[in-house]
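Worksheet for the structure shown next.
The values are calculated or read from the model by the stated rules, or taken from the named source; none is laboratory data. What you see is a predicted model, and the numbers here were worked out from it, not measured in a lab. Using ideal geometry, Cβ is built from the backbone for each residue, glycine included, and neighbour counts are taken over all protein chains shown. Accessible surface is based on the protein model in full, side chains and every heavy atom, while ligands, DNA and RNA are left aside. Shrake-Rupley method; radii C 1.70, N 1.55, O 1.52, S 1.80 Å.
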Amino acid sequence: MRMSVIIPAYNSQEKLDLTLAGLSEQTYPADLVEVIVVDNGSVPPLRLPEIRHPNTRLILCETPGRATARNTGLRAARGDVIHWLDSDVVLDRVAIEAHMRWHHLAPYLSVTSYLRFTTVPLPTPADVVTVRERAKLFEPTEPHAWIVKMVESTDGLRSAAQRAFGLHVGGSTSVNAKLIEAAGPMDENLFLGQDSEMGYRLSQAGAVFIPEPLSIGYHLGPTMRMRESESVNRASHAFLPDRVPHYRWLRPHPARQWLVPYVEVEVDTEGATYDDVRATVDAVLGGTLPDVSVVLPGSWDALEPERRAPLKDPHLDKVLIKGLYTHEPRVRLGGRAGLAPFVLRLPPGWVPGEDSVAALVEAAMTRSIGLVSVLLAETSDGVLAARLERTAAFARAEMVAGEDEDRDEVVDQVYGSMWVDAETYGIVPAADANPLVDGRTAYRVRRQTEEGGELERLTKEVERLQGKVTEWREESKRWRATAVQLRREVGTLRRQVSALKRGPLKRVARGSLRRLQGLLGDQTQRK
């Protein structure tokens, strides 16, 4: 397999020379590698150094932006595998070979090197080529702490589930070219976070993300994120939530909509009545998961209502459906966008409960499975079911399945699947569904519940304090009884002392009596 290494570069000729020197001596066959340097408007223009890979070329991209530069290199690339590489990263000698071992095994892989950050004085390109162990040139180094933590905490990404796409970093990651073709190029509308956003799209196209410890890249100095972490996060978090639904913590708003929804609900309108479709769609839009969109497949553009006898129109139901939802922003008349991580296919006339969609997604997420099938009814024609499909699972199945293999069976093999019953998840026929509750009514019910809960809490607190008062009163009675007993004992001791003072032992026991009085005084004071 051939590899294309794409290096976007802006100024920093000295570091670029070291990056290219690192590629000139690789263990993977040189005739299977091409290196494309994309000058992103450097002043003065960049040049190719003497020490470089023999198949290196320099192209120009005057439009600023790393994503634009990478896409320019992507269009020029001829390799089976695309390797993103930053112009300030020097690869170890076996790095490309370590990547390509994986790509020869499967067509759906994204492989990332282990980056190590160095601040030592820069060596020369000749040093990079001649030294046997490149680590000696760059040590001491610091690991990419975030990647190391994620890999170690997820058993080498085996339990990372939907978070694994974060391993797609532009510093040193390779991806099968056909996988990039399926996912699409880098988003040029983003000026930060392009790597993560593309990683998300790759995951939806079926990618498996691989951390490769034998591939080491020495990053010459800290990244911009390391230098300005807070500012970078502030800026990227304004754009990424719209595009990456798995960043749930960046979508805290209880009602707003996003560019890429978390769930797309597909309701088949073919042969369905207007009333059934409306009952299903409205229930979905009124659920506890607002981060959804509804897709109504069909050829809606060609649909024209009957003007002379509209109520006798044979397509009246579809006309009514189109009229009802044309201006609803969460309903799409036509095909899916394809980027939502989950797709729920619901037959018209079956109404999900308020929390049904969210509960189904939670079931799939908790078990990390690719398909949840909901048994709705058994008829003479067979089983009627709703289906929650994980987009990434079905994309992977499409790549690995044989021509005649059932895709559901393949999904079960590579991700897992399960059947559940409709009653458990609150999906019922439209005739049995409860009416939708408007937002104001729901708010009032919630307030009453909250007020009732607060009253219950205060009542319990009053009861607790009343119990304490009773306890303190009982304790006070015990203290009073103890005080009376002590006073009696002190009176008895004083009488005994007076008797001793008047007795014949007065002279003999004078000193002892003084000590006894002192002791009695101390005891009385303590009690």
Among (1) open to solvent by less than 100 Å² (accessible area, probe 1.4 Å); (2) in a loop (DSSP other than H, G, I, E, B); (3) of a type in the set (A, V, I, L, M, F, W, C), the one test that residue 484 misses: (2)
Members of the range 316-329 found to be open to solvent by less than 100 Å² (accessible area, probe 1.4 Å), part of a loop (DSSP other than H, G, I, E, B) and either without any contact (Cβ under 8 Å) to a residue 40 or more places away in the chain or within 13 Å of residue 274 (Cβ to Cβ) (or both), listed by number: 326
Residue identified as open to solvent by less than 100 Å² (accessible area, probe 1.4 Å) and under 30 Å from residue 278 (Cα atoms) among 435, 429: 429
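Each row is one residue, and each column tells you yes or no for (1) outside any loop (DSSP other than H, G, I, E, B); (2) in contact (Cβ under 8 Å) with a residue 24 or more places away in the chain.
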site: 100; (1), (2): yes, yes
site: 111; (1), (2): yes, yes
site: 132; (1), (2): no, no
site: 152; (1), (2): yes, no
site: 165; (1), (2): yes, yes
site: 170; (1), (2): no, yes
Within the range 135-150, tally of residues that are part of a loop (DSSP other than H, G, I, E, B) and open to solvent by 70 Å² or more (accessible area, probe 1.4 Å): 2
Residues of the range 5-34 classified as open to solvent by less than 20 Å² (accessible area, probe 1.4 Å), closer than 17 Å to residue 127 by Cα and touching a Ser or Thr at 6+ places or on another chain (Cβ under 7 Å), total: 3
Residue 2 vs. criteria at pLDDT 95 or above, touching a strand residue (DSSP E or B) at 6+ places or on another chain (Cβ under 8 Å), under 19 Å from residue 125 (Cβ atoms) and open to solvent by 70 Å² or more (accessible area, probe 1.4 Å): no
Whichever residue in the range 35-76 is acidic (Asp, Glu) and under 35 Å from the mean Cα position of the chain (by Cα) and, among such residues, is surrounded by the most Cβ atoms within 10 Å (Cβ to Cβ): 39
Segments classed as helices (runs of 4 or more DSSP H), wholly inside the range 221-301, with at least 2 members that are within 30 Å of residue 188 (Cβ to Cβ) and of a type outside the set (Val, Ile, Thr): 224-227, 229-236, 240-243
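Residue by residue, here is whether (1) under 30 Å from residue 352 (Cβ atoms); (2) surrounded by 10 or more Cβ atoms within 10 Å (Cβ to Cβ); (3) modelled with pLDDT under 80; (4) of a type outside the set (S, T, N, Q) holds:
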| residue | (1), (2), (3), (4) |
| --- | --- |
| 440 | yes, no, yes, yes |
| 447 | yes, yes, yes, yes |
| 450 | yes, yes, yes, yes |
| 489 | no, yes, no, yes |
| 493 | no, yes, no, yes |
| 501 | no, yes, yes, yes |
| 506 | no, yes, yes, yes |
| 515 | no, yes, yes, yes |
| 520 | no, yes, yes, yes |
Candidate set from the range 336-381 (those that are modelled with pLDDT under 95 and basic (Lys, Arg)); member that is nearest to residue 184 (Cα to Cα): 336
